[in-house]
1. Can you find even one residue in segment 31-46 that is of a type in the set (G, A, S) and modelled with pLDDT under 90?
2. Answer with yes or no whether F21 is in contact with a helix residue (DSSP H, G or I) (Cβ under 9 Å, 6 or more places away or on another chain) and at pLDDT 75 or above.
Amino acid sequence: MPFGIGPLELIIILAIILLAFGAKRLPEIGKSLGTGMREFKKGVTDDKSADEKLTATQSTDAALPQKTDETTPAA
């Protein structure tokens, strides 16, 4: 088991959570945790795709020739 938590310790932790929140509130808590994790994952993946689009746009802009201002004389 991860973090050295065995089955007995896991059962004890779950029993304490059940006593602390009650049987009626556990499904609500699970649903809200799942929703929060889903939104966080969506936000992270949306940020990555936005960064990739920005990087692609910047590399495309760098490949284009730069305009020079013809009205200003060169020094």
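The values are calculated or read from the model by the stated rules, or taken from the named source; none is laboratory data. It should be emphasised that the depicted structure is a prediction, and the values quoted were computed from it without experimental measurement. No Cβ is skipped: glycine too gets one built from the backbone with ideal geometry, and neighbour counts run over all protein chains shown.
1. Yes; the residues of segment 31-46 include at least one that is of a type in the set (G, A, S) and modelled with pLDDT under 90.
2. Numbers: in contact with a helix residue (DSSP H, G or I) (Cβ under 9 Å, 6 or more places away or on another chain): yes; at pLDDT 75 or above: yes.
In short, yes.
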